[in-house]
């Protein structure tokens, strides 16, 4: 009975471990490959050496040269995420993003923008949300966000992706260009090339630029080029390194063109290092809970089930063998009959000698057998 109970406990424990392993694979791991609701804020810094840029100070526009620092702060909006409804509820998160570009020498602000948008929790792509906006001119503007913008999908593929460009307010293809090592971590490199495209700027803004930088011009366009390269962790889809080679040129209908921006921004070493460390930590959690833990639980569970079955089976065999031995034990009744002429006596035999009236002992202490009485004696 004890062996049977032990076997049942082992078998049940093994089944439970297999269920836990399946739960990690089919429930926990998919949940971990989604943007979390409680994601911490993150900051990335990119620097551009000896950049050419437009700077407006006290209403006066000038083209200057200096080193620039771009700082982007991403903050999850938990309350707005919780308020999402319809198709977005549970499947999207809301992020608030702010960027400032400063001169590193004078610490003066050169440009800034703010935005709020909703991202799909799995693909990381922007999704349509009625409250999303972009503010890069002092006024919030409704923008049709789409494609990848601050993140790539979990388990990114070696293929092309649509990446949103803030200046164009549209997506352009970022082509997969291969794999590279970034601080000891394999990264997928994607490249988006934008060449001489007109920016969708309001006419009044273009007019202000023309009046300050191209006197005599009555119309014009701002032409934009950018080679954006992103190095992505293929497991988590997070950016490990970003480089943007930007150029904006004012092209008036008369007069010389004016370069408004010519800068090569790239993540600084500290941002790259912290991005890689976060990706490694996330990778480790995914590997532990998605691979090693389920595999270990499955192996242990199968071993417990097997041992439980063996224990129960051995106990059954022991009981059956005991019963068979009890039922088939030989008795003296089953032994062959021994004839008198085959019996042996002696000190090593447990057989009882047959009764006889014809034996006599020579020992004086043993009385001899009396002779048969004659008729005369009887009388």
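Every number here is computed from the coordinates shown, using simple stated rules; none is lab data. Note that the coordinates shown come from a computational prediction; the quantities given were computed from them, not determined experimentally. Neighbour counts are summed over all protein chains in view; Cβ atoms, including those assigned to glycine, are modelled from backbone coordinates with ideal geometry.
Per-residue extension of 0.36 nm, minus the Cα-Cα distance of residue 57 and residue 193, leaves a gain of 45.8 nm for this segment. Rg ratio for the stretch 33-267: its Cα radius of gyration over 2.2 N^0.38 Å, N being its residue count, equals 1.06.
DSSP assigns beta bridges within the stretch 33-267; of those with both partners inside it, close to 100 percent run antiparallel. Estimated from the Cβ-Cβ distance and a Förster radius of 56 angstrom, the FRET efficiency linking residue 49 and residue 302 is about 0.40. Inter-part distance, the stretch 233-287 to the stretch 131-180, computed on C-alpha centroids, equals 12 Å. When you work out D = kT/(6 pi eta Rh) for the stretch 183-260 at 25 °C and 0.890 mPa s, using the Kirkwood radius from C-alpha pairs as Rh and the Stokes-Einstein form, the result is 168 µm²/s.
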